[in-house]
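Student: This is the structure I have questions about; it appears just below.
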Amino acid sequence: MKSPFLIVFLFISSLTSSALAWAEQEQDRKQILTFYQQIFPELQLADYAHGVYAIDADAKNSWQAIEEFPPYEFALEEGKELFNHPFNNGARYADCFPNKGIAIAQNYPYWDEQKQTIITLASAINDCRLQNQAPALAYAKGEITKILAYMAFTSRGQLINTIIPEHSQQAFNAYKQGKNYFYQRRGQLNFSCASCHVDNAGKFIRSEILSPALGHTTHWPAYRLNTGEMGTLHRRFMACNKLIRAPIDMAQSPALRQLEFFLSYIANGLPLNGPSTRK
Amino acid sequence: MSTIKIRSKRFADYTLVRTLIAHPMETGHNKNDATDELIPAHFIQTLTFKHNGKVLSQCQMGYGVSKNPFFSFKIKSAKAGDKVSISWQDNLAYSDTLEHIIP
Amino acid sequence: MLTTRRRFVKKMLALSGYALGLGFSKISLANWIADNFSRQTISQSITQLFPDQELQKSDRISLKLPRTAENGSVVPITISSTIPDVDTIYILSEKNPVPLIAQFSINPDLETYLGARFKMQETCDVIVVLKANDQYYQTRQKVKVTLGGCGG
């Protein structure tokens, strides 16, 4: 006798397995948020977009003094010109992006089901260039940071909207790999990202306060006081790995895209505020 | 595009004028990582701030001023339509100037 | 780094032409006194800038400075004072190889107010000196400059 319960059971379990997969990332996000809310009870969600400046008053004053007339203004101005400048074939960046490339940074990175890969805003810029017979830009610094500055600027205030398509096992896997990277100890100092930015968020490392990982993706690109140049999130990932004496994954490599995907997902709902200035 | 940006804001008792300048302010003591050679000193030495053609401040500076220098001043009494200008010259004799009309 | 500078220099050359077109005149620029900006100790610098002068400590000069510099390359400072008739502001950093950062003449049409961003090499006092009616006034404030943790 065919049990109706068996049929119903199989049906429900097929739903719940994908529902459970979807639930895991939401569980992660909520768990992380709850964790930080316990350490920083005075912070609102949007405050995390300011990183360490939300929790270090002296540094915040200094940062705000610089934000009165921020040094990234030149990069921003150049970025607007670069963004609007047509390629040799007459096409423009606006032709490659939804909404002509304006106020869209909150939708990056996203999972491209066709290409089976994570598309970041930086990689999308280069995809656009290659499609229009323009050479790809270096990822860590230079011209791309200016275009990113302009696109980030038009996206200020937009809420991060990282989507993991519900029925895409590969998208979820990519998220999971990013999450594992975040919690994986590495290098001579045997630190994971979490060692500093979760376990010791708000505490001192030598003379600096460690920022929470929540909100790490909101304020890029950033004018770095230490280099006097615009820097990207991936360049910061690389520098961080160098500082903890771990092997360096290259900007826009699969590992760093996955990490960005994870960090961006857990920051869903936070407002973008790039470009910015950081030490 | 200029190396100089100027912003002004009128308040009841004063007008705040801020400037940001694109300049490396290179000290001459840093090495180029790629070539291991010293990067030559290149820094602004003098700067002049004018209001309607009148010099309000003349500045001498060294390479201790940060890269992409920022300065701010308060004019006691200025009106919409007044002109302010910032001019600079560096140790390699490059220079630039920009005029700004107070809105 | 080099490409950026080359582009900048090209830009500077182009802009010099533009600047000349605007009737830019060298006469309006201050002289730059090299000796004031030589590498020396703070004592030597003070002796050179203010020979035989007493720098009277004043509580009428306000400095806005961070307690700890996020990065020694960019330390923001705001200076204001209620001392009347100030005609010159000097900014010095005690332990910088060149202690004098900058000096500004202040016309009476200006408030005694200045904002700037400067470099500090190590923890030390920032010293601000004001000249008014041929008298000199000073105030100082310590700023910590540390080797970062992970900021690089």
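Student: Which order do the peptides C:65-77, A:76-88, A:59-71, B:61-73 take when ranked by the mean count of other beta-carbon atoms within 10 Å per residue, highest first?
Tutor: Output ranking for C:65-77, A:76-88, A:59-71, B:61-73: B:61-73, C:65-77, A:59-71, A:76-88.
Student: With charges set only on the Cβ (+1 for Lys and Arg, -1 for Asp and Glu), what does the dipole of the protein assembly as shown come to about its Cα centre, in debye to the nearest 20?
Tutor: 400
Student: To the nearest 0.05, how large is the calculated FRET efficiency for A:D95 and A:A255 if R₀ is 25 Å and r is the Cβ-Cβ distance?
Tutor: 0.20
Student: Nearest 0.05, what FRET efficiency do A:E113 and B:D33 give at R0 = 56 Å with Cβ-Cβ as r?
Tutor: For R0 = 56 Å, the calculated efficiency reads 0.85.
Student: Simple spin-label model, 7 Å along Cα-to-Cβ: A:L130 to C:K142 in nm?
Tutor: Here the modelled spin labels are 5.6 nm apart.
Student: Over the whole of B:48-60, what's the average partner chain Cβ count within 10 Å per residue? Rounded to a whole number, please.
Tutor: Mean partner-chain Cβ count within 10 Å for B:48-60: 6.
Student: Once the mean 1/r over all distinct Cα pairs of the stretch A:127-174 is inverted, what Kirkwood radius in angstroms do you read off?
Tutor: 13.7
Student: Using mean Cβ contacts within 10 Å as the protection proxy, how do A:182-189, A:245-252 order, highest first?
Tutor: A:245-252, A:182-189
Student: Something else about it: Could you give me the ³J(HN,Hα) list for the stretch C:97-105, computed from phi with Karplus coefficients 6.51, -1.76, 1.60 and θ = phi - 60°, whole Hz, x at Gly and Pro?
Tutor: x, 10, x, 6, 7, 6, 9, 10, 7
Student: Give the distance, in whole Å, between the Cα centre of the stretch A:60-95 and the Cα centre of the stretch C:70-108.
Tutor: 31
Student: Right, here's the next one. From the phi of every residue in the stretch A:104-112, what ³J(HN,Hα) in whole Hz does the Karplus formula 6.51 cos²θ - 1.76 cosθ + 1.60 yield, where θ is phi - 60° and glycine or proline is x?
Tutor: 10, 4, 5, 8, 10, x, 9, 8, 9
Student: Take the alpha carbon atoms of the stretch B:74-102, find their center, do the same for the stretch A:164-193, and report the distance between the two centers in whole angstrom.
Tutor: Each part's Cα centre sits 52 Å from the other's.
Student: Enumerate the lysines that A:K179 could reach by cross-link, defined here as Cα to Cα under 22 Å, with residues fewer than 8 away along the same chain left out.
Tutor: Straight-distance partners of A:K179: A:K30, A:K115, A:K242.
Student: Across chain B, how large is the tail of the calculated P(r) beyond 24 Å, expressed as a percent of all Cα pairs?
Tutor: Tail fraction, whole percent: 30.
Student: Would you kindly derive the ³J(HN,Hα) couplings of the stretch A:236-250 from the backbone phi angles with the Karplus curve 6.51 cos²θ - 1.76 cosθ + 1.60 (θ = phi - 60°), listing them in order in whole Hz, with x for Gly and Pro?
Tutor: Taking θ as phi minus 60°, the curve returns 5, 4, 4, 5, 5, 4, 5, 5, 8, 6, 10, x, 9, 7, 6 Hz for the stretch A:236-250.
Student: C:R60 to A:F87: FRET efficiency via 1/(1 + (r/R0)^6), r the Cβ-Cβ distance, R0 60 Å, to the nearest 0.05?
Tutor: 0.50
Student: With the alpha-carbon atoms as the only input, what is the per residue convex hull volume for chain A in Å³?
Tutor: Dividing the Cα hull volume of chain A by its residue count gives 155 Å³.
Student: Also: Straight-line reach from B:K74: which lysines have a Cα under 19 Å away, not including same-chain ones fewer than 8 places off?
Tutor: Filter leaves B:K5, B:K9, B:K50, B:K54, B:K83, C:K64, C:K131.
Student: Let me ask you something else. Give, as a single signed number, the net charge of other residues whose beta carbon lies under 11 Å from the beta carbon of A:R235, with Lys and Arg counted +1 and Asp and Glu -1.
Tutor: +3
Student: Considering chain A, which cysteines have no disulfide-compatible partner, defined as another cysteine with its Cβ under 4.7 Å away?
Tutor: By the Cβ distance rule, which asks for a partner under 4.7 Å, the isolated cysteines are A:C193, A:C196, A:C240.
Student: Can you grab the distance from the C-alpha centre of the stretch B:16-49 to the C-alpha centre of the stretch A:225-279, Å, no decimals?
Tutor: Taking the Cα centre of the stretch A:225-279 as reference, the centre of the stretch B:16-49 is 27 Å away.
Student: If the viscosity is 1.002 mPa s and the temperature 20 °C, what Stokes-Einstein diffusion coefficient in µm²/s follows for the protein assembly as shown when Rh is the Kirkwood radius over Cα pairs?
Tutor: The diffusion coefficient I find is 84 µm²/s.
Student: Right, next: How large is Rg over Rh for the stretch A:44-84, taking Rg from the Cα atoms and Rh as the Kirkwood inverse mean of 1/r across Cα pairs?
Tutor: So for the stretch A:44-84, dividing Rg by the Kirkwood Rh gives 1.15.
Student: Could you tell me the extents of the stretch C:81-152's C-alpha atoms along the three principal axes, largest first, rounded to whole Å?
Tutor: 46, 20, 19
Student: Can you give the mean number of other chain Cβ atoms that lie within 10 Å of the Cβ atoms in peptide A:59-67?
Tutor: Mean shielding count: 5.
Student: When you count, for each residue, the other Cβ atoms within 10 Å and take the mean per peptide, how do A:121-127, B:8-14 rank with the highest first?
Tutor: Highest mean packing first, the order is A:121-127, B:8-14.
Student: Something else now. How big is the stretch A:156-208 on each of its three principal axes, counting only the C-alpha atoms and giving the largest first in Å?
Tutor: Principal-axis extents of the stretch A:156-208 (Cα, largest first): 44, 32, 14 Å.
Student: Further question on the same structure: Go from 0 up to the bin containing the longest alpha carbon distance in the stretch C:63-108, width 10 Å each, and give me the % of pairs per bin.
Tutor: For the stretch C:63-108, the binned pair fractions read 20, 51, 25, 4 percent.
Student: To continue, here is another question. Between C:R67 and C:A34, 0.36 nm times their residue separation minus their Cα-Cα distance comes to what?
Tutor: Stretched out fully, the C:R67 to C:A34 stretch lengthens by 8.8 nm.
Student: Quick check of the Kirkwood formula: for the stretch A:177-279, what is the inverse mean of 1/r over all pairs of different Cα atoms, in Å?
Tutor: Its Kirkwood hydrodynamic radius stands at 14.1 Å.
No value in this document is a laboratory result; all are computed from the given coordinates. Because the structure is a prediction, the values reported are computed rather than measured. Glycine gets a Cβ as well: all are built from the backbone with ideal geometry, and neighbour counts include every protein chain shown.
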